[in-house]
Amino acid sequence: MAAPVTDRPLRTPQQPSSRRRRWPLARVDAKFTPYLFVSPFFLIFGAFGLFPLLYTAWVSLHDWQLVDGEQGFVGLDNYTALFGDPNFYNALGNTVSMFLLSTVPQLLAALGLAALLDRGLRGRTFWRAGLLLPNVVSVVAVALVFTQIFGRDFGIVNYLLELIGLDRVNWQADSWSSHLAVSAMVMWRWTGYNALLYLAAMQSVPRELYEAATVDGASRWRMFWSITVPSIRPTILFTIVVSTIGGMQLFVEPTLFDPKGASGVGGSDRQFQTLTMYLYEKGFRLFDAGYAAAIAWVLFLVVLVFALVNFTLARRIASKG
Amino acid sequence: MPTTRRPGFLVYGLLSAFLLASVFPLYFSFVVASKDNSAIGDKVPPLIPGGNLFANIARVFDTVDFWLAIQNSLIIASTVAVANVLLSSLAGFAFARLRFRGRDSLFLVVVGTAMVPTQLGVIPLYMLMSELDWYGQLQAVILPALVGALGVFMMRQACEETVPHELIEAARVDGCSVLRTFFTVALPAIRPQAAVLGMLTFMTAWNDYFWPLIVLDPNDSPTVQVAVSTLASGYYTDYSLMLTGATLGVLPVIALFLLLARHIVGGIMQGAVKG
C-alpha cells in the first residue's frame, strides 16, 4: 500500500483523502461496529442463559406449579424441604459416585493414550479419528447400545462373565453395578476426546527437554511424570473442570439405562438417579417448578464447588509431581 | 513420548485394542439392527449381521414419524450450525482484531459463561417458551443454541492465528467498512476453522436430547434423538427396533465424520488449551 508520498498538507479529518473517498461515518463505524459484532452472543446468552438462571432463583422462592403458575411466596421453604429430602441426598451421592467412577479412569486412560499417540506413529489421522469416533455418536445411541450390552439376560458382558466362570450381574439392580455401567458409557464416549486434547498439548512440549532427560538416563516412565505431565498441566486442569461440569449434569445415560426411560426414576429404588434426573422428575413430571428450581440452584452451587475443589486439588497434585 | 526409536508392536497393539473398543458398540448396534428380535434371545450374543435390516428400518418408520423427526433435526442442526459460524466469527473477529473499550473484560465474560450450565435454567426457559407459545415449535430449540462461548473462543483463536493485521489496516485505509473488512478479509482467512465449527455445532445440535425432550412434543414434533428414545420406552422392549433406530440416528453423523475426520480432529486439537 505504498502510495507515492507527495507533499502532505495538514488535513482536517473532514477532508476526504485524495486517494480514495472516505466513508463519512467511518469513525462511527470503527467505534460501534465491534459492539454490534459481539452483541448477538450477549443477547442470546442473556435471554436464554443468564435470565433463566436468575429467574430460577426467583421461582425457587415460590410455591410454583408448572401448569398452574405461581401459588405464592414461600421464602426458603423449598430449600429447607430439599435439605431434608432423602431422595436429594441419594441423587447427590449417585451423581458424585458416577462422576468419580467415570472421570478418574477416563482421564488417566486419556493421558496414556495421548502418550502413545505422541510417538511418531504411522497413519496418525487414522488413529486420531478412531479415538474421536465415539464422541460424535449421540448419547442416546450410546445409552441404548450399552444398555443392551449390559443386559441381564442376553447382554454380552454377562455372557463374558459366565464364560470365565463368574456369576451374571443384574446391572440395573444395584447401585454399584448400575454406576459402573453408566460410567462405562461416559468413559466410552469421552476418553478419546480428552486424549486428543492432551495430545495437542503434548506436541507443544519442547523436544529438547526429552533429549536432555535421555542423556541423563531417565526412564520413559520417569520422563512422562516429570516432564510431560507437568508441561501439560493447564490442559489437565481444563479437562478436569469440564468433566466436572459435565459429570455433575449427567442425565441421558442413566435415564435411558432405566427400562422406563424418561418416565422412570433411575432404577426401581432410585439407585442410579442423578441430580438432573431428580430435577426433571420434580419439574417436568410432578410439575413442582419451585422445588425443581431449588434443586437447580443447589446443583449449580454443587457444580461450582466441585469445579473449584477439583481445580485446586489437581493444581496442588500437579505442582508436586 | 518422543525418542528416536520407532514405536513398536506394543504401541500399535494397545491402540488397536482401544480402536476395537471404540468401534465395537457401533458394530454391535448394527448387528442387532440387522436381526429379527428373536435372535436377541440366543444363548450366544449375535456378532454376525443378519438379513433383517430393511424390514427393521421399515418398522422404525411405521412406529414413529421418523421422516418428520429427520426433517426437524435437519432444520435445527443446519440453522444452528450456520448461525454459530456466522455469529461466532463476527464476535471472534471483534475480540481478536478490533479495538474497543471493554474488549478484554467482555471476553472474560464470554469465557465465564461456559461455566454456567444451561440445564440449570430449563425451568424458566420452559416457562418462557410456553409464554411465547413456542412449546412444540422448532425455534424453541434453535434460538438458545444460535451462538455459544466455545464457538466465539475458537473463532477468536482462528483470527489471531490467520488474519494478518496488515490486511485489516490496509482495508481500513482504503475506506472499507468494518463489516466489509470482516467479509472480505477475515472470513476467507478463517474458512477452514469456521467449517470445522460448523460441523461440530451441527453434530452437537443433531445429538442433543435433554432440551428437545422437554420443549418439543414427543408425540408430535420430535427430533431424531427423541424419536429414537421413544422406541426404547415401551412396555415390551423391542431390541432390534430400538437399535435400528439408534443406528439410523447415528449414520448421518458418522458419514459426515468419516468424510471430514481429518479436519474435525484438527479443529478439536486446535481448540484445545495448549500447555
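The values are calculated or read from the model by the stated rules, or taken from the named source; none is laboratory data. Fair warning: this is a prediction, and the values are worked out from it, not measured in the lab. Here Cβ is always computed from backbone atoms with ideal geometry, including for glycine, and neighbour counts include all displayed protein chains. Heavy atoms of the whole protein, side chains included, go into the accessibility calculation; ligands, DNA and RNA do not. Shrake-Rupley method; radii C 1.70, N 1.55, O 1.52, S 1.80 Å.
Table for the structure above
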| quantity | calculated |
| --- | --- |
| Per-selection Rg to Rh, segment A:129-264 - Cα, Kirkwood hydrodynamic radius | 1.12 |
| Where A:174, B:220, A:85 fall by accessible area, highest first, once all protein chains stay in place (1.4 Å) | B:220, A:174, A:85 |
| Computed magnitude of the charge dipole of segment B:166-222 (debye, nearest 20; Cβ of K, R +1, Cβ of D, E -1) | 220 debye |
| Solvent accessible area, Å² - residue A:162, 1.4 Å probe, full protein context | 80 Å² |
| Linear extension gain, residue A:67 paired with residue A:268, 0.36 nm per residue minus alpha-carbon span | 69.6 nm |
| Cα lying deepest toward the dipole's positive end in segment B:149-238, options B:184, B:230, B:213, charges on Cβ | B:184 |
| Nearest-20 debye value, the protein assembly as shown charge dipole, Cβ charges on Lys, Arg, Asp, Glu | 3100 debye |
| Solvent accessible area, Å² - residue B:231, 1.4 Å probe, full protein context | 10 Å² |
| Average beta-carbon neighbours from other chains, 10 Å sphere, peptide A:110-120 | 3 |
| Rh (Kirkwood; distinct C-alpha pairs) - segment A:242-321, Å | 13.8 Å |
| Separation of the residue A:221 and residue A:26 label points, Cα + 7 Å toward Cβ, nm | 6.7 nm |
| Evaluated over chain A, the Cα radius of gyration and Dmax, each in Å | 27.2, 95 |
| Peptide B:107-115 - average C-beta neighbours from other chains (10 Å radius) | 3 |
| Dipole of segment A:177-321 [Lys/Arg +1, Asp/Glu -1 at C-beta], most positive-end residue of A:311, A:205, A:191 | A:205 |
| Estimated FRET transfer efficiency when R0 is 22 angstrom, pair residue B:137-residue A:287 (beta carbons, to 0.05) | 0.55 |
| Heavy-atom accessible area order for A:281, B:169, B:131, B:161, largest first, 1.4 Å probe | B:131, B:161, B:169, A:281 |
| Theoretical FRET efficiency, 1/(1+(r/R0)^6), r = Cβ-Cβ of residue B:263 and residue B:111, R0 35 Å, to 0.05 | 0.90 |
| Three-way shape label, chain B, alpha-carbon gyration tensor, a/c 1.5 | oblate |
| Of the DSSP H helices in chain B, those whose Cα atoms cover at least 27 Å axially and whose Kyte score averages 0.5 or more | B:9-33, B:66-97, B:239-271 |
| Sum of side-chain charges, residue A:74 neighbourhood, beta-carbon under 13 Å (Lys, Arg +1; Asp, Glu -1) | -4 |
| Separation between Cα centres of segment B:254-268 and segment A:215-281, rounded to whole Å | 24 Å |
| Sites residue A:309 and residue A:170 - FRET efficiency at Förster radius 30 Å, r taken between beta-carbons, to 0.05 | 0.30 |
| Where labels lie 7 Å past Cα in the beta-carbon direction, separation of residue B:36 and residue A:260 in nm | 3.3 nm |
| Residue-averaged beta-carbon neighbours from other chains (10 angstrom radius) around A:142-155 | 6 |
| Top positive-direction residue, dipole computed over chain B with Cβ charges, set B:171, B:240, B:79 | B:171 |
| Rounded accessible area per residue of segment A:31-123, 1.4 Å, Å² | 46 Å² |
| Cα-centre dipole for segment B:1-102 with unit charges at Cβ (Lys and Arg positive, Asp and Glu negative), debye to 20 | 800 debye |
| Chain B: calculated mean residue ellipticity at 222 nm from DSSP helix runs of at least 4, using -39500 (n - 2.57) | -22000 deg cm²/dmol |
| Rg [Å, one decimal], Dmax [Å, integer] - the protein assembly as shown, C-alpha atoms | 26.3, 95 |
| 222 nm mean residue ellipticity, helices alone, for chain A (DSSP H n ≥ 4; -39,500 (n - 2.57); rounded to 500) | -20500 deg cm²/dmol |
